[in-house]
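Please read the structure below before turning to the comments.
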Amino acid sequence: MSALDELTELTAGLENQAIKDWKAQGKKVVGFFCTYVPEEILYAADILPYRVAAPGCTQTTSADVYMTHVNCSFVRSCLEYALEGKYDFLDGLVFTNSCDDIRRMSDILRTIDPKRLPLIGFLDVPKKVDEYSIAWYRDEMSAFRGNVEKAFGVKVTDAKLKKAIEVYNETRDLLKQLYELRRADNPPITGTETMKVLLAATTTPREEFNRLMKKLLKEIKGREGVSNYKARLMISGGGGCDDPAYFDVMEELGGLVVTDTDCFGSRYFWKPVQIIEDDLMLGLAKSYLDRPSCARMMDRIDERIDFIKEMVRNFKVDGVIFQTLINCQVWGGQLLAIREEMKKAGIPFMELDREYALSGTGQLKTRVQAFLERIEK
Amino acid sequence: MAEHPNVIKELGTIFSALSKNPALTPEKAQGLGLLGGLYLKAAGAHEKGEPTAWISFGIPPEIFWAMDIVPVVDLNLATISLIPGKVEKYIDLATEAVPDYICSTNRIPLGLALSGDAPLPNIWVVQNAPCDSIPGLDSAMAKYFGIPYYSVHVPYVNSPLGYEYTARDLKKMIAWVEGQTGRKLDVGRLKGAVQHSSRAHELMLKIREMAMLVPTPCSLNENRLAYTAMIQLAGTPEVVNYLQMIYDRAQDRLSGKLPYPIQEKLRIAWIYTVPTYSPGLIVDYMANEYGAISLTFMLNNMLVPPVKGDLDYEEMMLWLAQKVCNMPMTRECRGPWEVYADSALDLVQNYKADGAIFSGHTACKSNWAAAKLVKDKILEEAGVPTLNLETDFIDGRVTPGEAVRDQLIEFMALIQRNKRSREEKNQAASR
């Protein structure tokens with residue numbers, strides 16, 4: 001089986017074989033929702049960090065008892081799955097104040113059924129980056145480290161933490177190598193395939209994932225590459241576009257997704273975590289806050305726009321599809337400036353307001369088709 | 001080419017004129033006069049080329065008054081909705097540029113800016129609380145219009161460490177404002193502003209106590225504009241005089257010198273916002289048809305204790321930081337739901353409400369996701385029912401007044417029944 005097939009297989013269903021194997025060893029799995037959670041701390045405690053999503057969720061009847069149509073469909077879908085018991089294989093959850101909807105999901109779950117998915121920690125992630133907020137987040141992470149130790153009766157030593165950072169940095173480096181290959185005129189991997197690789201990264205033990213990534217990189221370097229595309233696309237925006245079906249629609253129509261600035265994609269791994277030998281927590285705090293940012297970081301809009309432009313340049317992008325989840329206020333508001341900056345830079349730009357689950361592709365196809373016709377070379 | 005109107009100046013002129021209307025109660029008239037004066041000052045500063053600032057509500061206006069910069073709370077430009085038919089144009093214009101699920105109070109300044117009908121400020125200071133709309137849109141607006149921008153980060157929960165953290169950020173903000181405007185903070189003036197603000201907070205607490213009395217001598221009808229005044233004018237003597245007047249008139253009602261406007265039969269606590277539109281179909285309707293008095297709303301629930309003694313600079317900054325973190329909405333909406341529930345329970349229990357109304361603004365995602373938990377807790381702990389009402393509290397097109405009234409009719413019937421049943425039980429128990 002090819003590495004790509006193996007990685008794809010890991011994305012089938014919520015609980016893949018690697019997780020089952022992990023648990024069979026008596027080890028724990030803890031879910032999280034946001035890339036600002038320092039997974040390394042969990043991994044150093046021999047706990048598998050699992051990025052929670054709700055693939056295939058088509059209705060939110062139970063969740064809608066607690067949330068309403070004004071809340072985002074990603075969060076309502078995750079809440080639905082949590083209430084249905086679909087995450088019961090998890091040993092707990094970690095939350096952040098990522099956005100209003102996610103933090104309220106934490107409130108709801110810990111209030112109505114605190115034992116089902118115990119809250120292992122709640123990190124107050126600052127919404128700006130400066131010396132004070134870095135110090136604040138360092139303390140939050142340290143408290144989280146203590147919570148993990150207490151909840152699972154383990155000791156997160158500096159040696160284990162450093163090792164975890166190195167393992168995670170290796171993942172970051174391998175994913176970046178994969179993206180580098182996508183810069184080619186004929187990239188050896190499609191956007192849909194890449195999305196599957198990224199999804200595997202969110203749920204698979206790192207050593208195993210890194211092994212498969214090395215194998216994948218070797219395998220695809222020999223591939224012929226995709227040449228029959230009409231335009232090179234980039235997915236930008238927020239809300240975490242984790243459904244390969246979206247990419248599939250775009251690529252079936254002749255677009256080729258060559259990069260992104262999404263939190264399931266490049267923003268997750270673009271910069272390594274800095275190892276500060278005498279203060280690993282400080283290195284983590286600095287690196288997590290100083291990564292390509294989510295729109296929740298209110299003082300980083302210039303950096304966000306620059307990052308989009310840099311990706312467009314480096315990946316020879318013909319057009320940007322800026323997707324936001326309906327009701328996502330942090331990213332919805334950003335449109336005003338990002339649209340304008342793209343216009344000034346002469347970068348073709350398509351806005352896509354979407355629900356979490358792709359239901360009915362007709363309208364999406366029409367819009368993407370029109371966009372491709374506009375930018376096709 | 002037609003010249004753009006200056007809406008801020010227009011608001012100043014209209015509110016100032018309204019404040020002279022003898023048909024209005026002194027509480028309303030003076031409140032509108034204060035707002036009118038503020039907007040005229042802001043417009044005047046702009047015309048004279050003096051620095052002007054937009055600030056998020058919660059950012060201490062005291063600091064800006066002490067720097068001789070007129071602070072206009074950007075979200076409070078929603079007061080334009082007090083003039084019928086004026087706000088829709090700006091909301092619609094903004095909705096062409098950003099999605100309609102962005103808060104309408106954020107879309108109003110955007111619409112004003114896009115239309116060119118409001119002069120843009122020289123600087124803008126925002127904070128991350130109470131909701132995602134602010135960091136999401138304000139940073140984009142600042143970028144789009146080229147307005148220098150500073151963001152204050154308020155931690156997720158209140159704590160002594162959090163207050164110190166916020167105080168440090170406020171000091172950094174002051175240095176930034178000084179750099180941008182060339183205006184230096186005069187610590188002596190800040191002391192004066194903090195003293196005025198402290199007195200204003202003391203009066204807010206006294207008005208709150210007064211509003212809790214049965215029957216209330218100080219309902220929402222009288223105290224509605226207190227919040228609007230405080231978020232922009234705290235630190236000025238004008239707001240102290242205004243609040244003193246509200247308090248004195250409530251005292252006069254209590255001592256029989258002034259009549260109570262309506263005979264109180266039911267008591268209502270608005271545990272969040274109150275629609276600004278169609279009062280005749282909502283707040284006034286409830287009062288006139290059912291004797292249901294709206295006692296207060298969450299935004300008026302300012303609980304920061306006044307300062308004690310003569311504060312030095314560090315102590316003032318810490319007090320102001322406490323204010324930032326405890327500003328209504330910032331306190332309730334940014335952190336765990338229990339904080340909001342406790343605040344709502346405080347309004348229901350201490351104000352002895354027969355019913356609570358959660359008028360949930362459609363854009364307030366966090367509050368809608370807590371609404372059921374809060375409603376259940378109020379029923380469980382206070383035995384009081386809550387009406388969860390979906391509105392856009394500024395834009396009456398989302399849930400028109402008639403639709404709100406229809407829901408109120410059912411709710412009024414429910415709390416009337418509850419009250420009768422309570423009274424019957426009490427009578428039976430006393431026999």
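The values are calculated or read from the model by the stated rules, or taken from the named source; none is laboratory data. Being a predicted model, the structure only gives us computed values, none of them experimental. We place every Cβ from the backbone using ideal geometry, glycine too, and count neighbours over all the protein chains shown. Just so you know, the surface numbers come from the protein's heavy atoms only, side chains and all, with ligands and any DNA or RNA stripped out. Shrake-Rupley method; radii C 1.70, N 1.55, O 1.52, S 1.80 Å.
Here are some notes:
- Candidate set from region A:347-359 (those that are open to solvent by less than 60 Å² (accessible area, probe 1.4 Å) and either in contact with an Asp or Glu (Cβ under 6 Å, 6 or more places away or on another chain) or not charged (D, E, K, R) (or both)); member that is nearest to the other protein chains (Cβ to nearest Cβ): A:Leu352
- Just so you know, in region B:46-87 the residues that are in contact with a Lys or Arg (Cβ under 7 Å, 6 or more places away or on another chain) and open to solvent by 10 Å² or more (accessible area, probe 1.4 Å) include one that is nearest to B:Pro121 (Cα to Cα), and it is B:Pro51.
- Answer from B:Thr391, B:Thr399 - the residue that is within 19 Å of the chain's Cα centre (by Cα) and either open to solvent by 10 Å² or more (accessible area, probe 1.4 Å) or within 13 Å of chain A (Cβ to nearest Cβ) (or both): B:Thr391
- Region A:38-81, residues that are touching a Pro at 6+ places or on another chain (Cβ under 7 Å) and aliphatic (A, V, I, L, M): A:Leu42, A:Leu48
- For region B:356-382, filtering for residues that are more than 7 Å from chain A (Cβ to nearest Cβ) and open to solvent by 10 Å² or more (accessible area, probe 1.4 Å) leaves 8.
- When A:Gly319, A:Gly362 are checked against the criterion of being more than 14 Å from chain B (Cβ to nearest Cβ) and either touching a residue at least 40 places away in the same chain (Cβ under 8 Å) or closer than 27 Å to B:Asp169 by Cα (or both), a single residue qualifies: A:Gly319.
- Some residue of region B:21-37 being among the aliphatic types (A, V, I, L, M), free of Cβ contacts under 8 Å to residues at least 24 places away in the same chain, on the phi < 0 side of the Ramachandran plot and open to solvent by less than 60 Å² (accessible area, probe 1.4 Å): yes
- Subset of region B:286-327 (residues that are assigned to a loop (DSSP other than H, G, I, E, B), open to solvent by less than 30 Å² (accessible area, probe 1.4 Å) and touching a helix residue (DSSP H, G or I) at 6+ places or on another chain (Cβ under 8 Å)): B:Asn301, B:Met302, B:Val304, B:Val307, B:Leu311, B:Met327
- Extreme residue, surrounded by the most Cβ atoms within 10 Å (Cβ to Cβ), among residues of region B:253-283 that are outside any loop (DSSP other than H, G, I, E, B) and free of Cβ contacts under 8 Å to residues at least 40 places away in the same chain: B:Arg253
- Whichever residue in region B:195-223 is basic (Lys, Arg) and out of contact with any strand residue (DSSP E or B) (no Cβ under 8 Å at 6 or more places or on another chain) and, among such residues, is farthest from B:Asn76 (Cα to Cα): B:Lys206
- Of B:Glu381, B:Glu424, B:Glu402, all but one fail to be within 26 Å of A:Val70 (Cα to Cα), out of contact with any Pro (no Cβ under 9 Å at 6 or more places or on another chain) and not assigned by TED's automatic domain parsing to the domain that holds B:Glu88; the exception is B:Glu402.
Yes/no per residue for (1) more than 14 Å from chain B (Cβ to nearest Cβ); (2) crowded, with 21+ Cβ neighbours inside 10 Å; (3) more than 22 Å from A:Arg206 (Cα to Cα); (4) not hydroxyl-bearing (Ser, Thr, Tyr):
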site: A:Ala54; (1), (2), (3), (4): yes, yes, no, yes
site: A:Val70; (1), (2), (3), (4): no, no, yes, yes
site: A:Phe89; (1), (2), (3), (4): yes, no, no, yes
site: A:Ile108; (1), (2), (3), (4): no, yes, yes, yes
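- Residues in region B:344-371 that are part of a loop (DSSP other than H, G, I, E, B) and either of a type in the set (Ser, Thr, Tyr) or under 13 Å from B:Thr273 (Cβ atoms) (or both): B:Tyr351, B:Thr362, B:Ala363, B:Cys364.
- A:Thr192 vs. criteria under 19 Å from A:Ser266 (Cβ atoms) and modelled with pLDDT under 95: no
- If the condition is being within 14 Å of another protein chain (Cβ to nearest Cβ) and modelled with pLDDT of 95 or more, then region B:75-99 contributes B:Leu93, B:Ala94, B:Thr95, B:Glu96, B:Ala97, B:Val98, B:Pro99.
- Annotation note: of A:Val129, A:Val125, the sole residue that is touching a Cys at 6+ places or on another chain (Cβ under 8 Å), at pLDDT 95 or above and within 11 Å of chain B (Cβ to nearest Cβ) is A:Val125.
- Scanning region B:250-272 for residues that are within 17 Å of B:Arg208 (Cα to Cα), in the same structural domain as B:Glu338 (by TED's automatic domain parsing) and not aromatic (Phe, Trp, Tyr) yields B:Arg267, B:Ile268, B:Ala269, B:Ile271.
- Scanning region B:138-148 for residues that are open to solvent by 10 Å² or more (accessible area, probe 1.4 Å) and either small (Gly, Ala, Ser) or within 8 Å of chain A (Cβ to nearest Cβ) (or both) yields B:Lys143, B:Tyr144, B:Gly146.
- Whichever residue in region B:100-137 is more than 7 Å from every other protein chain (Cβ to nearest Cβ) and acidic (Asp, Glu) and, among such residues, is farthest from the chain's Cα centre (by Cα): B:Asp117
- For A:Met1: the one exception among (1) among the hydrophobic types (A, V, I, L, M, F, W, C); (2) at pLDDT below 95; (3) within 16 Å of the chain's Cα centre (by Cα): (3)
- Within region A:333-346, considering residues that are closer than 14 Å to B:Gly136 by Cα and out of contact with any Asp or Glu (no Cβ under 8 Å at 6 or more places or on another chain), the one farthest from the other protein chains (Cβ to nearest Cβ): A:Ile338
- Within region A:218-235, none of the residues are touching a Leu at 6+ places or on another chain (Cβ under 8 Å), modelled with pLDDT under 95 and closer than 11 Å to A:Ile321 by Cα.
- Each residue in region B:168-203 was checked for being part of a helix (DSSP H, G or I) and open to solvent by 10 Å² or more (accessible area, probe 1.4 Å), and 18 pass.
- At least 3 residues being free of Cβ contacts under 8 Å to residues at least 60 places away in the same chain is the threshold, and among the helices (runs of 4 or more DSSP H) wholly inside region A:1-107 those reaching it are A:17-24, A:73-84.
- When residues of region A:235-277 are limited to those that are closer than 16 Å to A:Lys196 by Cα and among the aliphatic types (A, V, I, L, M), the one most open to solvent (accessible area, probe 1.4 Å): A:Ala245
- Any hit, region B:331-352, residues being open to solvent by 10 Å² or more (accessible area, probe 1.4 Å) and in contact with a strand residue (DSSP E or B) (Cβ under 7 Å, 6 or more places away or on another chain): yes
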